[in-house]
Amino acid sequence: MKTSSGRTPHSLAIALLLGSYAICNGQSHDPKNPTPLGPGINKGNVDNVQNGPNYYYFYGGPGALNLNYAFKEMGVFGNPLKQALSFDLFDENNKLIKHDAIVSVEKMEKLAQPGTLDRRTKLLIKVVSPDAAIRLGGYYEIEATGAVTFAGQATGAGVKPEDTSLTHSVGALSSSGVQLTTSGTSLSTSGVKLSESGVVLYTPVGALTSVQDSPGELRLTLAADILFDFDQATIRRDATAALDRVAQIIREKSRGAVRIEGFTDSKGTPDYNMRLSDARAASVQNWLTAQKGLQGAVFTTRGFGATRFAANNTKPDGSDDPAGRQKNRRVEIIIRK
């Protein structure tokens, strides 16, 4: 028996239960019922308004594995726009292990993250587009290789890049397309353990990446990618452990004014980078005074944008160096002893 639409009641029931979007793209928006990641390249489309994050799971370990991500922004009304897509990795206890973000302008950008596990572990991947003043979307790919086990075939095999930003604009266009003060999703905490034996999946960078001690001062370097979401200046909740340590050091060592300086990589306009780095430095000061009771400390803040690099933004052959740019996106806190 068929309905007037040509579907059997059984197929219609399935469609109603799963929804046409899930059937076509194999994407789950329910963290309690994620889509099984499959072997090979898993494809999907995402936007920051309509459907929310997408969730996948697979099993990794024991042994070495590699996660390969790719993202291509789809622009706004046909025009390219600098966009980011986050890939957050959780363990079987729902603890955030690693946050990665891929920034794309018009072309497909890729990122590989190797790691090891000493036992078989269920892993969850959350794919999310950050909050923005306008609707942002794009096409992404995920591939897991090495010591991995899958519960299904490759998902989204029929998915094609889809411009999700052509409808339902939610705000006026701006030069950056992203608000500086909008908070986003959670970021990984440094040193999350996956087992009692102490094996860590993916060597964590951690927010507090460097402590330089000289006779007159301490210089603390914090990774901006851990403190803030892409193109934003609001402290992430996951960064509080590192900032707690910074506050402790300030109380123990400070004997004068504390300077907080913000820095960016070379992407973006000089004016925008200067404003973003200045806002991030001020955000760190505000957090330390409001959350850690350091109102009595004397702070000065300043953004330097892309004027002082800690590493090269490009490789010797002229190609882009994501690892170098990551080191340049930082906040430095200088404590007079």
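For the condition surrounded by fewer than 17 Cβ atoms within 10 Å (Cβ to Cβ), touching a Cys at 6+ places or on another chain (Cβ under 9 Å) and at pLDDT below 85, what is the one hit in G152, G171, G158? Outline the logic, then answer.
Numbers: G152 fails: touching a Cys at 6+ places or on another chain (Cβ under 9 Å); G171 fails: touching a Cys at 6+ places or on another chain (Cβ under 9 Å).
Selected residue: G158, the only one of G152, G171, G158 that is surrounded by fewer than 17 Cβ atoms within 10 Å (Cβ to Cβ), touching a Cys at 6+ places or on another chain (Cβ under 9 Å) and at pLDDT below 85.
Being out of contact with any strand residue (DSSP E or B) (no Cβ under 9 Å at 6 or more places or on another chain) and of a type in the set (G, A, S) is the filter here, so list the residues in the stretch 246-274 that pass it.
Quick first cut of the stretch 246-274, residues out of contact with any strand residue (DSSP E or B) (no Cβ under 9 Å at 6 or more places or on another chain) only: 247-248, 251-252, 265, 268-272.
Correct list: A247, G268.
Restricting to the stretch 92-106, give me the number of residues that are more than 22 Å from D229 (Cβ to Cβ) and either in contact (Cβ under 8 Å) with a residue 24 or more places away in the chain or of a type in the set (K, R) (or both).
First pass over the stretch 92-106, keeping only residues more than 22 Å from D229 (Cβ to Cβ): 92-93.
Subset that is either in contact (Cβ under 8 Å) with a residue 24 or more places away in the chain or of a type in the set (K, R) (or both): 92.
Adding up the residues that qualify gives 1.
When residues of the stretch 279-319 are filtered for being surrounded by 14 or more Cβ atoms within 10 Å (Cβ to Cβ) and among the charged types (D, E, K, R), how many remain?
2
What's the number of the only condition in (1) under 24 Å from D131 (Cα atoms); (2) touching a residue at least 12 places away in the same chain (Cβ under 8 Å) that N286 fails to meet?
If we test N286 against (1) under 24 Å from D131 (Cα atoms); (2) touching a residue at least 12 places away in the same chain (Cβ under 8 Å), just (2) comes out false.
Show the residue pairs meeting these rules: Cβ distance below 6 Å; 6+ apart or different chains; first residue within the stretch 107-122 and in the same structural domain as N68 (by TED's automatic domain parsing) and free of Cβ contacts under 8 Å to residues at least 40 places away in the same chain; second residue surrounded by 14 or more Cβ atoms within 10 Å (Cβ to Cβ) and of a type in the set (V, I, T).
What qualifies is E109/I102.
In the stretch 260-273, what count of residues is obtained for those that are crowded, with 19+ Cβ neighbours inside 10 Å and of a type outside the set (G, A, S)?
6
Quick one: in the stretch 56-110, of everything that is of a type in the set (S, T, N, Q) and surrounded by fewer than 22 Cβ atoms within 10 Å (Cβ to Cβ), which residue is farthest from P36 (Cα to Cα)?
Among those that are of a type in the set (S, T, N, Q) and surrounded by fewer than 22 Cβ atoms within 10 Å (Cβ to Cβ), it is N79.
Would you pick out the residues in the stretch 111-149 that are of a type in the set (S, T, N, Q), more than 16 Å from the chain's Cα centre (by Cα) and surrounded by 18 or more Cβ atoms within 10 Å (Cβ to Cβ)? Explain how you work it out, then say what you get.
Taking the stretch 111-149 as the starting set, the residues that turn out to be of a type in the set (S, T, N, Q) are 113, 116, 121, 129, 145, 149.
Keeping just the survivors that are more than 16 Å from the chain's Cα centre (by Cα) gives 116, 121, 145, 149.
Matches in the stretch 111-149: T116, T121.
Select from the stretch 271-303 the residues that are under 27 Å from S104 (Cα atoms) and over 23 Å from the mean Cα position of the chain (by Cα) and list them in ascending order.
The answer is D271, and nothing else.
The values are calculated or read from the model by the stated rules, or taken from the named source; none is laboratory data. All figures in this text were calculated on a predicted structure; none of them were measured in a lab. Virtual Cβ from ideal backbone geometry, glycine too; neighbours counted across all protein chains shown.
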